[in-house]
Structure formats: structure tokens, C-alpha cells
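Data block below; observations after.
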Amino acid sequence: MIKSTMCFAGASITASVLLSGCTHFGKLSEVGTEMAQVPVTDNPSGQTYPGKFIWHDLVTPDPLLAGRFYEALFGWQIDFQGDYAVVHNGEKPIAGILRVEPKEGQARKGVWIPSVSVADVDAAALRAEAHGGTILNGPADMDQRGRAVMISDPQRADLVLLTAKGGDPADTEAAIGDWLWDEIWTDDPDRIETFYSQVLGYDEIASTNEYGVFMHNKKWRAGIRHLQNDKHMLWVPVVRVADPEATARRVEDLGGTVRVAPHEAPSNGNTALIGDPTGALFLIQQWPTQASKGGL
């Protein structure tokens with residue numbers, strides 16, 4: 001289990017602008033218009049897989065600094081043209097990066113905001129509100145991306161609910177450098193399990209004292225990490241790597257921070273918790289491992 005003191009980056013860092021302009025009278029801002037032209041996959045399946053995490057956006061005060069770090073660490077290719085940078089792993093689009101300056105008095109930190117698949121965005125947004133969540137932006141039509149709404153869950157962890165245009169990416173094995181997993185950090189697992197089961201339609205939860213797994217139709221879709229006495233809760237994405245020790249050794253030279261090194265994690269060196277140069281947290285993991293999927 002990752003020490004709770006490592007969870008320092010609030011997920012609500014001006015993140016409501018992620019769907020910039022998807023609010024006032026349904027008009028998109030310039031960056032929102034650019035985002036709307038980027039589909040979550042070049043090969044839509046025509047199917048919706050409820051509860052599957054299908055996209056990630058890095059909200060950061062310095063896209064170039066953060067982007068260069070990820071390019072060097074994972075070999076990602078990033079197109080920095082315009083206000084919305086698109087990230088590719090090989091030929092596959094996997095993420096976006098946009099600049100958001102914090103409000104006066106807030107720390108200049110980045111955060112990864114995931115997008116999760118739902119069959120009906122408007123209905124899911126109503127369920128979120130009914131079970132203690134908050135709508136931050138939308139719902140709104142995002143052209144090539146689909147229909148989306150940004151919400152905050154009962155513990156103020158942010159994410160986007162998305163019905164992707166043309167369908168979700170098909171279920172395939174994550175390549176090296178792809179997103180492997182997403183996990184929610186929480187000090188109230190019972191409440192969070194209920195919330196996401198109701199909102200996203202998870203129909204089974206496999207759980208231990210420290211970790212749980214959200215499932216839908218027998219597919220593992222996300223993790224639940226149980227923390228105690230923590231100030232901030234958030235969704236943390238996981239990138240698949242071939243060698244966590246070798247990857248972690250390069251992090252500080254590239255301007256990032258190793259928050260929990262592989263040898264410190266209770267998973268036989270298979271995982272590490274990393275902060276990018278703007279403070280955004282993510283995990284790296286070797287897969288398959290000796291440990292359970294998604295767990296440290």
C-alpha cells in the first residue's frame with residue numbers, strides 16, 4: 001500500500017476548465033474546440049464498455065515542460081501545435097495535454113484527469129448528483145470526441161464521463177507505454193464503491209482490506225486503493241513499463257520525482273509512484289506481475 005502521505009496533489013486544480021466552454025450557452029472555448037476534434041481512438045469499436053477508462057488529459061500549468069518529460073521517459077510522441085497537445089504511443093492516440101493556470105493562491109501543480117465510458121452521459125450525470133457527486137462542466141457535445149460531462153465524486157476526485165463517438169476502443173492488451181490501469185484513492189471505500197457502482201454500472205467488486213477492483217461483465221475496469229487520514233483523494237493512472245527499476249532511475253534526471261520507489265512498494269519491485277515536473281501523479285507498473293492486477 002502506498003503511504004497516504006504521498007497523496008498530495010488535489011484533483012480539483014482548476015480542472016473544471018477541462019471541458020472549457022462546455023458550459024455557458026453550450027459554446028466551446030478555443031481549447032475546447034480543439035479537444036472536440038480529437039477522438040479517443042482512431043479505430044472505434046462501435047461498442048460501449050461501461051466503466052472502461054478510455055482517455056486521459058493532463059491539466060498542467062506548463063504543458064511543454066511536462067510533455068518533454070513524458071516524451072523522454074516513455075517515448076511518447078506529442079504534437080504541441082495549438083492549445084491542446086495530443087499524445088501518441090506509437091501510432092495510437094492515448095492522451096491530451098492542456099495548460100491551466102491555477103487561481104491566485106493555489107499551488108502550480110498538474111493533475112491527470114481520466115475519461116470513463118458511459119452509455120448515456122446525461123443519465124449518468126443525474127445519477128452522480130443523486131449519489132453525492134457534483135457536475136463541474138457539461139454535459140456537452142464534443143464533436144469527434146463524443147458527449148461528455150465532468151464531475152467530482154463525493155470526495156472531490158474529478159473525472160469525465162464520456163460516450164465516445166463511434167464507440168470505445170476495443171479491449172486489447174496494453175502495450176509498453178500504454179495506460180494499464182486507473183485506481184481511485186479513497187479513505188472511505190464503502191462510500192466510493194457505492195457511488196461508482198451506481199454511476200458507472202459496476203456489477204461486482206473484488207475487495208481486500210487494502211485494495212479493491214471494480215468489475216463489469218467479469219472485466220476488470222479500475223482499482224480502489226484504501227488510504228487513511230489523507231487530505232486529498234484522486235484518480236491515479238498507471239502506465240505499463242518493461243522495467244520499473246530502470247524507468248524510475250531516469251525520473252529525477254528528467255525533472256520528475258520518485259515518490260515511492262519500486263523497492264519501497266510492497267510488490268517485489270513491480271511498481272513505483274512518480275510525480276512529473278509539474279506535480280502530476282501517476283504509477284508505473286510491470287505487467288504481468290506476481291501481484292494481483294492493479295495492486296501494489
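Just so it is clear, none of the values below were taken in a lab; they were calculated from the coordinates. Since we're looking at a predicted model, the values are computed, not measured. Heads up, the Cβs are rebuilt from the backbone with ideal geometry, glycines too, and the neighbour counts pull from every protein chain shown.
Kindly write out, for region 261-267 in residue order, the coupling ³J(HN,Hα) from the Karplus curve 6.51 cos²θ - 1.76 cosθ + 1.60 (θ = phi - 60°), rounded to whole Hz, with x marking Gly and Pro.
For region 261-267, the Karplus-derived couplings read 6, x, 6, 8, 7, x, 9 Hz, x marking Gly and Pro.
Running Debye on region 172-285 with equal point scatterers at the Cα sites and no solvent, what base-10 log of I(q)/I(0) appears at q = 0.18 Å⁻¹?
Debye curve over Cα of region 172-285, log10 I(q)/I(0) at q = 0.18 Å⁻¹: -0.99.
Could you give the radius of gyration (one decimal) and Dmax (whole number) of the Cα atoms in region 15-164, in Å?
Both quantities, over Cα of region 15-164: 14.9, 45 Å.
Go through 205-218, 175-188, 142-155 and give me the packing order, highest mean Cβ count within 10 Å leading.
142-155, 175-188, 205-218
For Cα pairs less than 8 Å apart in space and 6+ apart in sequence, what is the mean separation divided by the residue count of region 172-285, i.e. the relative contact order in percent?
So the answer I get is 25 percent.
Just need the relative contact order of region 15-164 here, percent rounded to a whole number, with Cα pairs under 8 Å and 6+ apart.
Worked out over region 15-164, it gives 28 percent.
Considering all projection directions equally, how large on average is the shadow of the alpha-carbon convex hull of region 33-78, in square nanometres?
4.7
Out of residues 5 or more away from Asp178 or on other chains, whose amide H comes under 5 Å of its own, with H placed 1.01 Å from N in the peptide plane?
Here the answer is Arg240, since their amide H atoms fall under 5 Å of that of Asp178.
Of all beta bridges DSSP finds with both residues in region 15-164, what is the antiparallel percent, to the nearest 5?
DSSP beta bridges in region 15-164 are roughly 75 percent antiparallel.
Could you tell me what fraction of 2.2 N^0.38 Å the Cα radius of gyration of region 95-181 comes to, as a two-decimal ratio?
This ratio for region 95-181 stands at 1.22.
How fast does region 63-136 diffuse by Stokes-Einstein, in µm²/s, taking the Kirkwood radius from C-alpha pairs at 37 °C and 0.692 mPa s?
Diffusion coefficient, whole number: 220 µm²/s.
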